[in-house]
Structures are given as C-alpha cells and as structure tokens.
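*Asks:* Right, I'll just put the structure down here and ask away after.
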Amino acid sequence: MVFIYVQELARFLFGLKCFHFDLASIAIIEEDEQKIVVKLKGIQLEYANALRRMCLNGIPVFAVDDVVIIENSSVFADEALAHRLSMIPLKTDLSRFVEPSKCDCHSDTGCSNCRVLLMIDSGPPDTTRLVTSAELTSEDEIVKPVSDKIPIIELAPGQKLKLEAYARLGRGTEHAKWNASNVSVLTETDKEDEHILTIESSGCLEPSQIVLSGINELANRIDDFKQIIAAL
Ligand SMILES: [Zn+2]
C-alpha cells in the first residue's frame, strides 16, 4: 500500500521531462520503528538530494514554541527552561493540525487546529527530585513527548515549577527543534541513477511517513515552481 502510494507520488514527480519516467522506482530495503532505508532508482542526484533535505527539515512537526512560566522557584533560569522544553521531540499528527501560517484563525495565540497546550505542575517536593517529560501533560491524546524519560529540571525540597507550553507545527529550516529526522543521508551505489536514502526519525513521525511527506512536499514545491515559471 505504502509502495503504491510512493509510486503514485513518484509518477507525479517523474512526469517532469527531466526525469526518466519509466525507470523511476522507490523501494523499502529496511524499516523499523526509528529508521528506514529506501532505494531510489532512476532519479537524478539533484532530486534525490532534494528529497533528503525535505526529509531532514522540510516537513512540519510539532515543537514547543511559546512558554508561560507561572511559577519557577528552581535555580534554573526561565529562558533556559523554555529552551530545554522546546528541544523535547513531540509526537506529531499531521492529519488534524495545520501550520499557524495556513490556519484560518489568523491569530497570534493560535487555535485548536494549529497549537497544542502542554502543562507542568510539579507541586512542592519534600525531597530533591527530577522532573521529566512524563510530567509534561498534553491536552491532546497524540501530541505529547516521544519519551517519558527526558530530564527537564531537578527540584530541591520546597521548590516548585508550574508552566504552560504551547506547541505548534514548524519546519527545521526555521529552527532545528522542528527537524523531522536526526539523520538523513544519501549514499551512492555502483549503479548509475541509483541512490540509497537512510532516514532516522527524531520520533515525531514514523520513518515511512517522513519519506512519504518528503515526497509530497517536494512534489508540491516543484508544482509551485512550475506555476511561477509559467506565469512569467
Ligand atoms: Zn489556528
């Protein structure tokens, strides 16, 4: 099913004259929960590399972008805390959310279609303890930290942390916190026009979803480019 979808998207891409339409194919060589390796055949290096870049930082994923500190009596500065929260990878659901720039709300604060609220309310601890991403509760059932074990802050007895963190979709080209992949590498084979693309997900999206979204994004951008050229 995935392969057919890829083929259809590839067919759209390869409809351009510069592609070898009949020879193009994309096949999954290896796949697990974190990583996918695909073979791109009949695709020029320039387009294979463009796909690699899309998979790295061209696909929207969720990350914390705005933090309201209600109480922070720890020794950690608010700014450092906000930065640490923003770097926590969040599971992303692209089917229900849109990027703020494309949302009908046109609001700086966002709406339920373009942002998700996450909260921490530690309460005052009796002993020194570590607050982890497990305590970052989300209003959405899917958009939440990819792991419960990411350390956020250590609180001493009596210290307290209470905050609201607003996550939104963004792209890694704007900031690395929105990178969909930790690794996106293109390697050659001994055959001409054959490349191996290796993707390691940051955890926000399934690896196969990154490749499909990357192809989709590349197709859309090429389509936009064709329209701009046609309008000249
Ligand atoms: Zn909105």
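*Asks:* Let me spell it out: the conditions are (1) surrounded by 15 or more Cβ atoms within 10 Å (Cβ to Cβ); (2) within 27 Å of the chain's Cα centre (by Cα); (3) of a type in the set (D, E, K, R); (4) under 18 Å from ALA77 (Cα atoms), and ARG171 meets all of them except one. Which number is the exception?
*Replies:* All conditions are met except number (4).
*Asks:* Can you name the residue in the range 176-193 that is surrounded by fewer than 21 Cβ atoms within 10 Å (Cβ to Cβ), over 11 Å from the mean Cα position of the chain (by Cα) and modelled with pLDDT of 95 or more and is also farthest from THR132 (Cα to Cα) among such residues?
*Replies:* Checking each candidate, the answer is THR187.
*Asks:* If you don't mind, there's one more thing I want to ask. All but one of (1) touching a residue at least 12 places away in the same chain (Cβ under 8 Å); (2) more than 16 Å from the ligand (Cβ to nearest atom); (3) under 23 Å from SER147 (Cβ atoms) hold for ASP93; state the number of the condition that does not hold.
*Replies:* Tallying (1) touching a residue at least 12 places away in the same chain (Cβ under 8 Å); (2) more than 16 Å from the ligand (Cβ to nearest atom); (3) under 23 Å from SER147 (Cβ atoms), ASP93 fails exactly one: (2).
*Asks:* From ILE215, ILE210, which residue is under 30 Å from LYS39 (Cβ atoms), at pLDDT 95 or above and out of contact with any Pro (no Cβ under 7 Å at 6 or more places or on another chain)?
*Replies:* ILE210
*Asks:* If you go through the range 64-82 one residue at a time, do you hit one that is within 16 Å of the ligand (Cβ to nearest atom), of a type outside the set (Ser, Thr, Tyr) and modelled with pLDDT of 95 or more?
*Replies:* Yes, there is a match, as at least one residue in the range 64-82 is within 16 Å of the ligand (Cβ to nearest atom), of a type outside the set (Ser, Thr, Tyr) and modelled with pLDDT of 95 or more.
*Asks:* Continuing with the same structure: If you take the residues of the range 123-137 that are among the polar types (S, T, N, Q) and surrounded by 11 or more Cβ atoms within 10 Å (Cβ to Cβ), which of them is farthest from ILE88 (Cα to Cα)? Please lay out each step first, then the result.
*Replies:* Going residue by residue through the range 123-137, those that are among the polar types (S, T, N, Q) are 127-128, 132-133, 137.
When the remaining residues are screened for being surrounded by 11 or more Cβ atoms within 10 Å (Cβ to Cβ), the result is 132-133, 137.
On the way: THR132: 11, SER133: 8, THR137: 13 Å.
The selected residue is THR137.
*Asks:* For the range 142-156, check the following and say yes or no: at least one residue is touching a residue at least 40 places away in the same chain (Cβ under 8 Å), assigned to a loop (DSSP other than H, G, I, E, B), within 16 Å of the ligand (Cβ to nearest atom) and not charged (D, E, K, R).
*Replies:* Among the residues of the range 142-156, at least one is touching a residue at least 40 places away in the same chain (Cβ under 8 Å), assigned to a loop (DSSP other than H, G, I, E, B), within 16 Å of the ligand (Cβ to nearest atom) and not charged (D, E, K, R), which makes the answer yes.
*Asks:* Would you please name the residue that is modelled with the lowest pLDDT, looking only at residues in the range 103-122 that are closer than 22 Å to PRO89 by Cα and near the ligand (Cβ under 10 Å from one of its atoms)?
*Replies:* For the range 103-122, the residue satisfying everything is THR109.
*Asks:* Just need a number here: residues in the range 98-136 that are farther than 14 Å from LEU169 by Cα, touching a strand residue (DSSP E or B) at 6+ places or on another chain (Cβ under 6 Å) and acidic (Asp, Glu).
*Replies:* 2
*Asks:* Write out, first by first residue and then by second, each pair whose Cβ atoms fall under 8 Å of each other, whose residues are 6+ apart or on separate chains, and whose first residue, in the range 159-173, is among the β-branched types (Val, Ile, Thr) while the second is in a strand (DSSP E or B) and at pLDDT 95 or above.
*Replies:* Within 8 Å, no pair qualifies.
The values are calculated or read from the model by the stated rules, or taken from the named source; none is laboratory data. Bear in mind that the values here come from a model prediction, so they are computed numbers and not experimental data. Don't worry about glycine lacking a Cβ; one is built from the backbone with ideal geometry, like all the others, and counts go over all protein chains shown.
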